[in-house]
There are 2 protein chains.
Amino acid sequence: MPTVSSEELAAAAGVNSAKLRKDFSYLGSYGTRGVGYDVEYLVYQISRELGLTQDWPVVIVGIGNLGAALANYGGFASRGFRVAALIDADPAMAGKPVAGIPVQHTDDLEKIIDENGVSIGVIATPAGAAQPVCDRLVAAGVTSILNFAPTVLSVPDGVDVRKVDLSIELQILAFHEQRKAGEEAEAQAGAAAAPAERGNDDKGPDGDVPAVMPA
Amino acid sequence: MPTVSSEELAAAAGVNSAKLRKDFSYLGSYGTRGVGYDVEYLVYQISRELGLTQDWPVVIVGIGNLGAALANYGGFASRGFRVAALIDADPAMAGKPVAGIPVQHTDDLEKIIDENGVSIGVIATPAGAAQPVCDRLVAAGVTSILNFAPTVLSVPDGVDVRKVDLSIELQILAFHEQRKAGEEAEAQAGAAAAPAERGNDDKGPDGDVPAVMPA
DNA sequence: ATGTCTTTGTGAACGCGTGCACAAAGATGA
DNA sequence: TCATCTTTGTGCACGCGTTCACAAAGACAT
């Protein structure tokens, strides 16, 4: 039986072994003292806890460049996601296959959600279309939304929204780049607060990097 | 002079006003006691600290769906980013305009970096091409890389890499979705693939989210 | 001027997560 | 069976960030 010790895993992941063990203890996945963790069992438990063993049908609304990129993205299938449908408001797109999946018109949105039992929706529309699309998704039964449109969506309680802003990561890089370049010019550090839509993750400080700026 | 109090800002952002004031004090941007913060001055200070007042030329390598989506993304310009060049390995793409910018061939990568003084590169290539492209970018002088390819890049010290995995956000949504769905419906998941007879089939304390999963 | 009122800036307390250290548990060999 | 060794699971303490609470500072009215 192939096993790993918390020490090995911690070294590989660059974290503390005690924390790793404590986290594992949450899962109820018990290792064997004197031996370590059964690799196969551990992988299964973590996969299950993260939802990787389930099949999650998702719809992508807005099949522009970004929507098409998402439809083609290979990483989804291996994480338990299945693109149940592609939806676009442009009638000219209807029927045209993207990533092997025929695009359907927005008119059928509710029907598609219902028939496929979709609870997760991805919005890749222009900013102006995002909120109306969001409202229809929610009304049709979607309870989790991944928003790529540059708008803050408002949703009723019980619905999760995560916003992906492609420029934020760039901004973080630029922030560090600025510090690389100008250590001698300005000796001041700072921070700023940005309105958060709903529980965005932020990490602790790295040296004297402000708390709101992810490391 | 239009002003805002830390209390107003904190309420709007959903954070604690004391923390906000403490963060602002890092900037050295002084508010006025009894009045609040001068909005215009505050905006400028934060913009400057975050690097928004600078002009950051970036190159995007790999003009597929995702690269094109990034090139078209409107949020960059307003954050101080300027797409200096689009680069692709496909000779058929060369000269073809995307988002108004003509695509250039990978052969000229070093020249483009050098002539435009680019220090930030975006990689939107297939996984296999990412590391070679990364190496060339670094060799040409790029010190910050935003990686959309599903690969872990290795870079020398002094170079920052941020990896964007489009499926991670979805996975976080699915994780929460799984918890919404209920704790009784997962009996079926255990029977199929589990390496059986491990006794303890129940998951741990059901109340809390494991520390390793972002909120 | 002087007093009152508002809001900042910050020292200090609090709470929480992380890491340490160790007892308990099981493996292994004599 | 007993001793020894390895590694887990976790109580406890420490450190750090967040929050509280208040003195200081400036605006404004009298």
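Tell me the distances, shortest first, between residue B:91 and the same position across the other copies, using label points 7 Å along Cα→Cβ, in nm to one decimal.
4.3
Over 29 Å between Cα atoms: which of A:163/B:111; A:163/B:22; A:96/B:163; A:111/B:96 fall into that group?
Listed pairs above 29 Å: A:163/B:111; A:96/B:163; A:111/B:96.
Largest first, how would A:114, B:38, B:90 line up by accessible area (1.4 Å probe)?
So the residues, ranked largest to smallest area, are A:114, B:90, B:38.
Expressed as a whole number of Å, what is the distance separating the alpha-carbon centroids of the range A:88-129 and the range B:30-56?
With the range B:30-56 and the range A:88-129 each reduced to a Cα centre, they are spaced 42 Å.
If I compute solvent accessible area with a 1.4 Å probe over the protein chains, what percent of it on the range A:3-50 is carbon and sulfur?
Answer for the range A:3-50: carbon and sulfur cover 57 percent of the accessible area.
Enumerate the lysines that residue B:19 could reach by cross-link, defined here as Cα to Cα under 20 Å, with residues fewer than 8 away along the same chain left out.
A:203
Considering only DSSP beta bridges where both residues belong to the range B:56-166, give the percentage that are antiparallel (nearest 5). Working shown, then result.
Numbers: 2 of 23 bridges.
Antiparallel: roughly 10 percent of the beta bridges in the range B:56-166.
With a 1.4 Å probe, how much accessible area is buried between chains B and A, both sides summed, in Å² to the nearest hundred?
On the way: alone 14130 and 13510 Å², together 20840 Å².
For B against A, buried area totals roughly 6800 Å².
HN-Hα J couplings of the range A:46-60 from phi, Karplus 6.51/-1.76/1.60, θ = phi - 60°, integer Hz, Gly and Pro as x?
Here the 3J(HN,Hα) series is 5, 4, 5, 4, 7, x, 6, 8, 8, 9, 10, x, 10, 10, 10 Hz.
Kindly work out what percent of the DSSP beta bridges joining two residues of the range B:1-137 are antiparallel, to the nearest 5.
30
For A:159-167, what's the mean count of beta carbons from other chains sitting within 10 Å of each residue's beta carbon?
5
Say each of residue A:4 and residue B:55 gets a label point 7 Å from the Cα, pointing the same way as Cα to Cβ; how far apart are those two points in nm?
Going from the residue A:4 label point to the residue B:55 one covers 4.8 nm.
The values are calculated or read from the model by the stated rules, or taken from the named source; none is laboratory data. These numbers were taken from a predicted model, which means no experiment stands behind them. We place every Cβ from the backbone using ideal geometry, glycine too, and count neighbours over all the protein chains shown. Each accessible area value is taken on the protein alone, full model and side chains, heavy atoms only, with ligands, DNA and RNA left out. Shrake-Rupley method; radii C 1.70, N 1.55, O 1.52, S 1.80 Å.
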